Amino acid sequence: MTVTHRRVVSPGEWREAREALLAKEKRLTRELDALAAERRRLPMVRVDKEYVFEGPGGPATLLDLFEGRRQLITYCFMWHGAGEYCSGCSMFTDNVGHLAHLHARDTSMALVSRGPLAEILPFQRRMGWPLPWYSSLGNDFNDDMDAGDGFGLNVFLRDGDTVYRTYFTTGRGVERLGSGWTFLDLTPLGRQETWEDSPEGTPQTAPYTWWRLHDEYGASVTTG
């Protein structure tokens with residue numbers, strides 16, 4: 001492989017070009033922060049339909065998928081049948097960070113597939129994915145949440161036993177996701193840090209203070 005498509009310059013010229021690009025990167029970061037602030041103010045829709053999923057522990061409702069937390073992210077993993085696994089959904093799931101960091105911000109995450117649990121669970125064990133995974137084969141969840149037979153990511157907010165849908169994305173909208181920060185930026189509560197432009201009443205703490213090694217989180221750092 002040749003590198004002739006890139007100029008070779010002096011260290012000073014390289015630093016000057018890097019600084020020019022950095023200014024654009026910082027501008028994009030500020031724009032993404034503003035977009036996340038707008039996302040936290042999106043209207044939401046109440047989910048009144050009763051969905052029953054099949055999970056490793058038996059039947060589960062959408063409320064059960066929250067696992068007692070205030071926010072829930074679901075990813076509809078495209079299912080083609082045993083042996084015909086979606087490489088894109090698999091790559092997405094491979095890049096999901098440790099769930100302890102989401103849990104520390106009162107947020108759960110689960111995979112949902114329109115396929116039999118008897119096919120899903122062996123594949124989950126093969127891949128070593130710790131995310132809870134549920135079958136939606138017997139309900140309309142995928143259709144109602146705009147995934148259909150494809151894939152899509154939805155965000156939900158819980159107020160007691162009432163569930164609201166707050167956000168949806170698919171296609172290239174899921175490509176940059178994977179870290180706890182990028183997922184939290186999609187939620188109505190955000191990262192819950194004091195620098196964020198969030199609606200009044202949003203729980204917040206100082207930046208960095210809630211971060212832990214993933215095996216060191218405790219109830220004292222949750223916001224729920």
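The values are calculated or read from the model by the stated rules, or taken from the named source; none is laboratory data. Remember, predicted model here, so these are calculated numbers, not experimental data. Note that we place each Cβ from the backbone using ideal geometry, even for glycine, and neighbour counts take in every protein chain shown.
Structure values in brief
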| item | result |
| --- | --- |
| Some residue of region 162-179 being over 23 Å from H98 (Cα atoms) and more than 18 Å from the chain's Cα centre (by Cα) | yes |
| Unmet requirement for I120, which otherwise passes all of (1) part of a helix (DSSP H, G or I); (2) surrounded by fewer than 20 Cβ atoms within 10 Å (Cβ to Cβ) | (2) |
| Top-ranked residue of region 75-117 - restricted to ones that are exposed (fewer than 14 other Cβ atoms within 10 Å of the Cβ) and either among the acidic types (D, E) or in contact with a strand residue (DSSP E or B) (Cβ under 8 Å, 6 or more places away or on another chain) (or both), ranked as nearest to R212 (Cα to Cα) | D94 |
| Count of residues meeting criterion [over 18 Å from A34 (Cα atoms) and either among the hydrophobic types (A, V, I, L, M, F, W, C) or outside any loop (DSSP other than H, G, I, E, B) (or both)] in region 192-208 | 2 |
| Hey, R165 among the charged types (D, E, K, R) and either closer than 14 Å to T74 by Cβ or touching a Cys at 6+ places or on another chain (Cβ under 7 Å) (or both) or not | yes |
| Qualifying strands (runs of 3 or more DSSP E) (wholly inside region 1-85; at least 1 residues being modelled with pLDDT of 95 or more and closer than 30 Å to G201 by Cβ) | 58-61, 71-76 |
| Within region 139-182, considering residues that are among the aromatic types (F, W, Y) and without any contact (Cβ under 8 Å) to a residue 24 or more places away in the chain, the one nearest to H80 (Cα to Cα) | F168 |
| A37 vs. criteria out of contact with any strand residue (DSSP E or B) (no Cβ under 9 Å at 6 or more places or on another chain), farther than 30 Å from D140 by Cα and surrounded by 15 or more Cβ atoms within 10 Å (Cβ to Cβ) | yes |
